[in-house]
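Asker: Below is a structure I'd like to ask you about.
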Amino acid sequence: MSKLRVAVIGCGGIANQKHLPALKSQADKCEIVAFCDTIVERAKKAAKEYGAPDAKVYEDYNELLKDETIDVVHVCTPNVSHCPITVAAFAAGKNVMCEKPMAATTEDAQKMMDAWKASGKKFTIGYQNRFRTDSQTLKRACDEGKLGEVYFAKAHAIRRRAVPTWGVFPDKSKQGGGPLIDIGTHALDITLWCMDNYKPVSVMGSVFEKLGHSAEAAEGNMFGPWDPETYEVEDSAFGFVKFENGATVFLESSWALNVKESREAACTLCGTKGGAEQIGGMSQEGYDLVFNQTTGGVLTEEHISDARAIAFFEGSNGGAPEVKECKQWLEAIINDTEPLVKPEQAFVVTQILDNIYKSAREGKEIKLA
């Protein structure tokens, strides 16, 4: 089979940090033939570094989508533009990987779902944290019944001071929100995936803008001080979600919060047979996954390590999560199989996040069913 011809729309940070290197690592399966960005110099730079010899550069994604030889489109633009670009790509007959979250609103996510179903093409969302070794191990343990029925969980996306100061992150008109939609989405995705629970019935939320407008708070930021005058989104947000089977999930997210420890893209699961915790998630090098249970009449803990903690075992991570994500996505297209991250699952994540914001605005519980 000839290589898949891939186009990348949006050549900013997430494209250069994740999508472009991952696609380049799969040179036996694909070639990047088109690059698009509203800042055309970024597209030219990306094409020079990652593109096929005949790669084309565009400023308007509608022009790019007219190329009938393009098989796959990666949407790497700000959140609020995910919907129109993805819908247009499906109308043009392309397979689509859209960066997380699926959309900024439930309404937009539904438009994307409708366009996908009408297209007959493949669709996935960029939740690469599912491909971490600890996430894969935790999911398998849940599927094998190690925890029993998981009825309570926490989704962790907490940074003490790590407000992104580049791009459009503090711009609500382009992103739709702050840490909840940016990193809370990863934590919630892992949690729901491991629980295999996608039937929420109600959502309550609290959203805070306490530190974002403080010059004093900005001084300790990991990425340098942010501008309190142009900071438009929340600095922390929290959600309480109930599900059809009675299970409950608590979601915590922040870019700036006065806590001691950071804990990002991680979850805590509590089941009838045992529990499990991803300790650091993306906030530490390597990982620490801990199962807790009762063994021989006493309470015990089981730590799962990925880095040479056991003699003659050098770890089994198999590569960076974004590379594993890209490989399985391309193989899903080539082999006509389902990608690991299913659109229906990503839709529920967006639905919950959207309604946490709505609950906070309206000051009440939002019923979903």
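Asker: Among 159, 140, 42, which one shows the biggest mean-square fluctuation in a GNM of the chain, springs joining Cα atoms closer than 10 Å?
Answerer: Per the Cα network of the chain with a 10 Å cutoff, 140 tops the list.
Asker: If each Cα of region 1-49 is one equal point scatterer, what is log10 of I(q)/I(0) from the Debye formula at q = 0.31 Å⁻¹?
Answerer: Rounded to two decimals, the profile gives -1.23.
Asker: Could I have the simple spin-label model distance between residue 201 and residue 259, label points 7 Å from Cα toward Cβ, reported in nm to one decimal?
Answerer: With each label placed 7 Å out from Cα toward Cβ, I get 2.8 nm.
Asker: Next question, about the same structure. Could you state how much accessible area residue 326 has, in square angstrom rounded to the nearest 10, with a 1.4 Å probe and all protein chains kept in place?
Answerer: Estimated to the nearest 10 Å², residue 326 gives 10 Å².
Asker: Something else: Of the accessible area of the chain, with the probe set at 1.4 angstrom, what percent is carbon plus sulfur?
Answerer: Carbon plus sulfur share of accessible area: 51 percent.
Asker: Work out the FRET efficiency for residue 362 and residue 40 from their Cβ-Cβ distance, taking R0 = 41 Å, and round it to the nearest 0.05.
Answerer: Computed FRET efficiency for residue 362 and residue 40 comes out at 0.45.
Asker: Here's another thing I want to ask about it. Can you give me the relative contact order of region 5-124 as a percent, contacts being Cα pairs under 8 Å and 6 or more apart? Don't skip to the answer; put the middle values down first.
Answerer: On the way: 215 pairs, mean separation 28.2, N = 120.
Once divided by the residue count of region 5-124, the mean separation gives 24 percent.
Asker: Report for region 201-292 the percent antiparallel among DSSP-assigned beta bridges with both residues inside it, nearest 5.
Answerer: 95
Asker: If you don't mind, another one. So for region 146-205, taking the charge dipole from beta-carbon charges (+1 Lys/Arg, -1 Asp/Glu), which of 190, 168, 200 sits furthest toward the positive end?
Answerer: 168
Asker: Between 350, 230, 185, which gets the highest mean-square fluctuation from a Gaussian network model of the chain, Cα cutoff 10 Å?
Answerer: 230
Asker: Further question on the same structure: Taking only Cα atoms and a 10 Å spring cutoff, compute GNM fluctuations for the chain and point out the largest among 329, 166, 193.
Answerer: Checking each option, the largest mean-square fluctuation is seen for 166.
Asker: Could I get the Rg over Rh figure for the chain? Both from C-alpha atoms, Rh via Kirkwood, rounded to two places.
Answerer: Reported Rg/Rh, Kirkwood definition of Rh: 0.97.
Asker: Starting from the eigenvalues of the Cα gyration tensor, five times each then square-rooted, give me the equivalent ellipsoid semi-axes of region 142-286, largest first, whole Å.
Answerer: 30, 16, 11
Asker: Rounded to the nearest 10 degrees, what's the angle between the helix 106-119 long axis and the longest principal axis of the chain, both from Cα atoms, 0 to 90?
Answerer: So the inclination is approximately 50 degrees.
Asker: Hey, what's the Kirkwood Rh for region 1-107 if you take every pair of different alpha carbons, in angstrom?
Answerer: Result for region 1-107 stands at 13.5 Å.
Asker: Read phi for every residue in region 56-65 and hand back ³J(HN,Hα) as whole Hz from Karplus 6.51 cos²θ - 1.76 cosθ + 1.60, θ = phi - 60°, with x for Gly and Pro.
Answerer: 9, 10, 10, 9, 10, 5, 5, 5, 4, 5
Asker: Any idea which of 101, 52, 69 is furthest toward the positive side of the dipole for region 1-104, if Lys and Arg beta-carbons carry +1 and Asp and Glu beta-carbons -1?
Answerer: It is 101, whose Cα lies furthest towards the positive end.
Asker: I would also like to ask the following. Give the calculated FRET efficiency between residue 149 and residue 114 to the nearest 0.05, with a Förster radius of 35 Å applied to their Cβ-Cβ distance.
Answerer: 0.55
Asker: Roughly what % antiparallel, to the nearest 5, for the DSSP beta bridges in region 120-255?
Answerer: Counting DSSP beta bridges with both partners in region 120-255, the antiparallel share is about 70 percent.
Asker: Further, regarding this structure: Hey, what did the chain get for relative contact order, percent, Cα under 8 Å, at least 6 apart?
Answerer: Numbers: 816 pairs, mean separation 68.5, N = 369.
For the chain, the relative contact order is 19 percent.
Asker: Can you tell me the orientation of helix 185-195 relative to the chain, as the angle in degrees between its alpha-carbon axis and the longest Cα principal axis, to the nearest 10?
Answerer: Once rounded, one gets 60 degrees.
Asker: Next question. With both partners inside the chain, how many of the DSSP beta bridges are antiparallel, as a percent to the nearest 5?
Answerer: About 60 percent, rounded to the nearest 5.
Asker: Measure off 7 Å from each Cα along the Cα-to-Cβ vector at residue 172 and residue 62, then give the distance between these two points in nanometres to one decimal.
Answerer: Here the answer is 2.9 nm between the modelled labels.
Asker: Given the Cα atoms of region 37-87, and with Rh set as the inverse mean 1/r over their pairs in the Kirkwood sense, what is Rg to Rh to two decimals?
Answerer: Dividing the radius of gyration by the Kirkwood radius yields 0.94.
Asker: Relative to the longest principal axis of the C-alpha atoms of the chain, give the angle of the C-alpha long axis of helix 343-362, reported between 0 and 90° and rounded to the nearest 10°.
Answerer: 70
Asker: Now, a different point. Quote to one decimal, in nm, the extra length available between residue 3 and residue 140 on full extension: 0.36 nm per residue of separation minus the C-alpha distance between them. Spell out each step's value before the answer.
Answerer: Numbers: separation 137, 0.36 × 137 = 49.32 nm, distance 3.21 nm.
Extra length from residue 3 to residue 140 when fully extended: 46.1 nm.
Asker: Below 8 Å, C-alpha to C-alpha, sequence gap of six or more: please give me the relative contact order for region 160-233 in percent.
Answerer: 45
Asker: I need the calculated FRET efficiency for the pair residue 69 and residue 27, taking r as the beta carbon distance and R₀ as 30 Å, to the nearest 0.05. Mind showing how you got there, number by number?
Answerer: Values: r = 18 Å, r/R0 = 0.60.
That gives a FRET efficiency of 0.95.
Asker: Quick one: 3J(HN,Hα) in Hz for region 17-23, Karplus 6.51/-1.76/1.60 with θ = phi - 60°, rounded, Gly and Pro as x.
Answerer: 7, 10, 5, 5, x, 5, 5
The values are calculated or read from the model by the stated rules, or taken from the named source; none is laboratory data. Quick caveat: nothing in here was measured; it's all calculated off a predicted structure. Glycine gets a Cβ as well: all are built from the backbone with ideal geometry, and neighbour counts include every protein chain shown. What goes into the accessible areas is simple: the full protein's heavy atoms, side chains included, and nothing from ligands, DNA or RNA. Shrake-Rupley method; radii C 1.70, N 1.55, O 1.52, S 1.80 Å.
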